[in-house]
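Novice: First, the structure itself, so that you have it in front of you.
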Amino acid sequence: MGYNVFRYGGDIVKETRGTTRQEKALETKDKIYEVAMKKFITKGLEHTSISEICKEAGVSIGSFYTHFENKEGIIYETFRRADLNFEHFLQEERNKQNLYELILEYMEYYVDFVLTYDFEFIRRFYNTGNHYFVKGKRPMQEVLKTILKSRQPKLNEYYVKNTDELVDMLFMTSRGIIFHWCLKEQSFDLQEVSRKQMEMVLKSVLLEVE
């Protein structure tokens, strides 16, 4: 049995691959994904054809459709890989007692994950046409809801009853900062500004900052 491995910072996040046959299929999927992502960064999704992705990856068009429904499926795969990292965060960090620092760390984890990608890809990714950001029931948001619901006594009474709204607000804040950073051509420290903005938001929603 093997693993599909995603590296995040110093951590290794593993996804079980299964049998040798399954490993080979996932290797093909990874190859298609990596080639497609490079093409999307340099040419954009709309100017990249499935046939040229397959040609460069050395696979058939049939193989592409075995793993992805269409080009947008490549983008969805990026979100799926991100979600896997956030499930890992919950497993590792859920027992920390300080809710303020835990949420800050979680949102920093989000920004750090974004920064593992090339700037040109981030700039293309963060646009108003990307509806994957508002797709419901994604682990990225659900993990944060789990953390908040387990620490409700620490929250402002309004957000105890409206956890979904709080999660939306935190991610809207973070995505807005990333979008502004893209518009400003990386002219400020994204991690530093993100933390300062998130600190201000959290001080308004927590009963006490520990």
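Every read-out reported here was derived from the displayed coordinates using simple, explicitly stated rules and does not represent laboratory data. None of these values were measured; they are calculated from a predicted model. Glycine also receives a Cβ, built like all others from the backbone with ideal geometry; neighbour counts cover every protein chain displayed.
Novice: Starting from the 7 Å offset along Cα-to-Cβ, what nm value, one decimal, do you get for the label separation of ARG80 and SER51?
Specialist: 2.6 nm
Novice: Let me ask something additional. What ranking do VAL114, VAL205, VAL134 get, fewest neighbouring Cβ atoms within 10 angstrom at the top?
Specialist: Values: VAL114 19, VAL205 16, VAL134 12.
Listing VAL114, VAL205, VAL134 from fewest to most nearby Cβ atoms yields VAL134, VAL205, VAL114.
Novice: Another question, if that's okay. Near LYS196, within a Cβ-to-Cβ distance under 14 Å, what is the net charge of the other residues, with Lys and Arg +1 and Asp and Glu -1? Mind showing how you got there, number by number?
Specialist: Working: positive: ARG195, LYS203; negative: GLU108, ASP189, GLU192, GLU199.
Net of charged neighbours comes to -2.
Novice: For the range 73-205, calculate the relative contact order in percent as a whole number, restricting contacts to Cα pairs under 8 Å that are 6 or more residues apart.
Specialist: Working: 77 pairs, mean separation 44.7, N = 133.
In percent, rounded to a whole number, it is 34.
Novice: Additional query: Hydropathy at least -0.5 by Kyte-Doolittle, axial extent at least 18 angstrom from the Cα trace: which helices of the chain, defined as entire DSSP H runs, fit?
Specialist: Qualifying helices, which must be both long enough and hydrophobic enough, are 99-114, 163-183, 190-205.
Novice: Using R₀ = 35 Å, calculate the FRET efficiency as 1/(1 + (r/R₀)^6) where r is the Cβ-Cβ separation of LYS196 and HIS131; round to 0.05. Mind showing how you got there, number by number?
Specialist: Numbers: r = 29 Å, r/R0 = 0.83.
The pair LYS196/HIS131 has a calculated efficiency of 0.75.
Novice: Another question about this same structure. Kindly count the pairs of lysines across the range 73-205 whose alpha carbons are less than 12 Å apart, treating pairs on different chains or eight or more residues apart as eligible.
Specialist: So the count works out to 4.
Novice: Which value in nm describes the separation of the simple spin-label points at ASP164 and ASP112, placed 7 Å from the Cα toward the beta carbon?
Specialist: The two pseudo-label positions are separated by 3.1 nm.
Novice: How do THR173, THR20 line up, fewest other C-beta atoms within 10 Å first? Each step should come with its number before you reach the end.
Specialist: On the way: THR173 17, THR20 10.
Ordered from fewest to most neighbouring Cβ atoms within 10 Å, THR173, THR20 come out as THR20, THR173.
Novice: Run the reach check for LYS29 against lysines, Cα to Cα strictly under 22 Å, same-chain hits fewer than 8 apart removed. What comes back?
Specialist: LYS14, LYS38, LYS39, LYS43, LYS55, LYS71
Novice: Something else: Rounded to the nearest 500, what is the chain's calculated 222 nm mean residue ellipticity when only DSSP H runs of at least 4 contribute -39500 (n - 2.57) each, over all residues?
Specialist: Numbers: 10 runs with 137 residues, N = 210.
Estimated from H runs of four or more residues: -21000 deg cm²/dmol.
Novice: Then there is this: Once the convex hull of the alpha carbons of the chain is built, what does its volume come to per residue, in cubic angstrom? List each step's numbers first, then the result.
Specialist: Values: hull volume 27.6 nm³, N = 210.
It is 132 Å³ per residue.
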